[in-house]
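**Student:** I have a structure I would like to understand better, so I am pasting it below and will then ask my questions one at a time.
Laboratory data are not the source of any read-out in this text; all were calculated from the coordinates shown. Note that the structure is a prediction, hence the values are computed from the model and not measured. Here the Cβ positions follow ideal geometry from the backbone for every residue, glycine too, while neighbour counts run over all protein chains shown.
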Amino acid sequence: MADMTDAQGWRRVAGPGIAAWAAAARPVAEQAVTSSAEAWRCGGTWFVGLDALPNGPDGAIGGAAFPWAELGLSPEPLHPAQLSVTRPGYPRQGEEETEAAFRFRLTRDAAHLDGLLPVGPQKRRMVKEPHGWIVGLPLNRADADAAPLVVWEGSHRLIGAALRAAFTASEGAPDTHDITEAYQAARREVFDTCPRIELPGDPGTAVILHRHLIHGVARWRDGAEADPPGRMIAYFRPLLPSIADWLREDAA
């Protein structure tokens, strides 16, 4: 995936294999969402759906093979996909979210870097899930204003450089290294220097993100519509062997 280190940090692809996979996954995903006991967050407008899609470790589902070739990716074992679903009104403030966090969700699309998790009562950011790449596959029809994926184009280069510098002087286990300040400073620079791009998608297309790309979800604008149960995207994020691999500039 050498082209993932270009200036954008993302690419969109389409093909009949991607369309066939999305068509096979859709009814399974709808059943998984409607039968799940998982609570909807953000005031009932966001279903997080981690590991919610029962695809096989090869990515296949409902008799449809995972479209590795069309995605330009090498086959590897996959986890059950996340099913991220949003409804009209997203985002509303839920009981689980502070005023500051909700304000950030509204004004900055809850922009984040996958793999960094909040640890401890102070929610210090540490790399706990070093993903190799991120792929999002839309599963149903949704208007462009129905809470689309948002990326900050080119942010992967800035973030990658900042995090490699932050780990240079680290001691102890890499997954316990506190990178909160370095990450937040780099993200502020991203907001100031990188263009914000909305990436709505249709079934039959997919978006591939560099693992260091800052991304989030835009609000659901008035009048936007989507098929039930809401704008639904399946996400895959397979893990790399180590944080050292995740930090490497040439890993994607």
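**Student:** Taking the dipole about the Cα centre of the stretch 1-124, with the C-beta of Lys and Arg at +1 and of Asp and Glu at -1, give me whichever of GLY17, GLY62, LEU106 is farthest to the positive side.
**Tutor:** Value computed over the given set: LEU106.
**Student:** A further question follows. Applying the Karplus parametrisation 6.51 cos²θ - 1.76 cosθ + 1.60 with θ = phi - 60° to the phi angles of the stretch 69-81, what ³J(HN,Hα) value in whole Hz is obtained for each residue in order, glycine and proline being reported as x?
**Tutor:** 5, 5, 6, x, 10, 7, x, 7, x, 10, 7, x, 5
**Student:** Could I ask something else about it? Using a 10 Å cut-off around each Cβ, can you sort ASP143, ASP51 from fewest to most neighbouring Cβ atoms?
**Tutor:** On the way: ASP143 15, ASP51 10.
Fewest to most other Cβ atoms nearby, the residues stand as ASP51, ASP143.
**Student:** Identify the trypsin sites (Lys or Arg not before Pro) of the stretch 112-152 meeting these criteria: DSSP loop state and at most 11 other C-beta atoms within 10 Å of the C-beta.
**Tutor:** LYS123
**Student:** Name the residue from GLY44, SER84, PRO130 whose Cα lies farthest towards the positive end of the charge dipole of the chain, charges +1 on Cβ of Lys and Arg and -1 on Cβ of Asp and Glu.
**Tutor:** GLY44
**Student:** Among THR168, GLN93, LEU199, whose Cα projects farthest towards the positive end of the dipole of the chain, with charges put on the beta-carbon of Lys, Arg (+1) and Asp, Glu (-1)?
**Tutor:** Toward the positive end, the furthest listed residue is GLN93.
**Student:** Where does each of ASP145, ASP202, ASP192 land when they are ranked from fewest to most other beta-carbon atoms within 10 angstrom?
**Tutor:** ASP192, ASP202, ASP145
**Student:** Divide by every residue of the chain the summed helix terms, -39500 (n - 2.57) for each DSSP H run of at least 4, and state the resulting mean residue ellipticity at 222 nm, rounded to the nearest 500 deg cm²/dmol.
**Tutor:** -8000 deg cm²/dmol
**Student:** Can you tell me which of 52-59, 103-110 comes out highest on packing, and rank the rest after it, using the mean Cβ neighbours within 10 Å?
**Tutor:** The densest-packed peptide leads the list: 52-59, 103-110.
**Student:** For the chain, what is the charge dipole size about the Cα centre, in debye to the nearest 20, if Lys and Arg each add +1 at the Cβ and Asp and Glu each add -1 at the Cβ?
**Tutor:** 360 debye
**Student:** Shifting gears a bit: Would you mind calculating the relative contact order of the stretch 12-127 from Cα pairs under 8 angstrom and at least 6 residues apart, reporting the percent as a whole number?
**Tutor:** 26 percent
**Student:** Let me ask something additional. Tell me, what is the percent relative contact order of the chain, built from C-alpha pairs under 8 Å that lie six or more residues apart?
**Tutor:** This gives 31 percent for the chain.
**Student:** Taking just the C-alpha trace of the stretch 118-170, give me its Rg and Dmax in Å.
**Tutor:** When restricted to Cα atoms, the stretch 118-170 yields Rg and Dmax of 16.0, 47 Å.
**Student:** Same structure again: Which residues' amide hydrogens lie under 5 Å from the amide hydrogen of ALA81, considering only partners 5 or more residues apart or on another chain, with H built in the peptide plane?
**Tutor:** Residues meeting the criterion, in which the H sits 1.01 Å from N, are LEU53, ASN55.
**Student:** Report the relative contact order of the stretch 74-196, percent, no decimals, based on alpha-carbon pairs under 8 angstrom and at least 6 residues apart.
**Tutor:** Dividing the mean separation by the residue count of the stretch 74-196 yields 23 percent.
**Student:** Neighbouring Cβ atoms within 10 Å as the yardstick, rank THR180, THR168, THR86, THR193 fewest first.
**Tutor:** THR168, THR193, THR180, THR86
**Student:** Here's another thing I want to ask about it. Bins of 10 Å, beginning at zero and ending with the bin holding the largest distance: percent of Cα pairs per bin for the chain, please.
**Tutor:** 7, 31, 38, 22, 3, 0
**Student:** Still on this model: How large is the dipole of the stretch 154-248 about the Cα centre if only Lys and Arg carry +1 and Asp and Glu carry -1, each at its Cβ, rounded to the nearest 20 debye?
**Tutor:** Dipole about the Cα centre, nearest 20: 180 debye.
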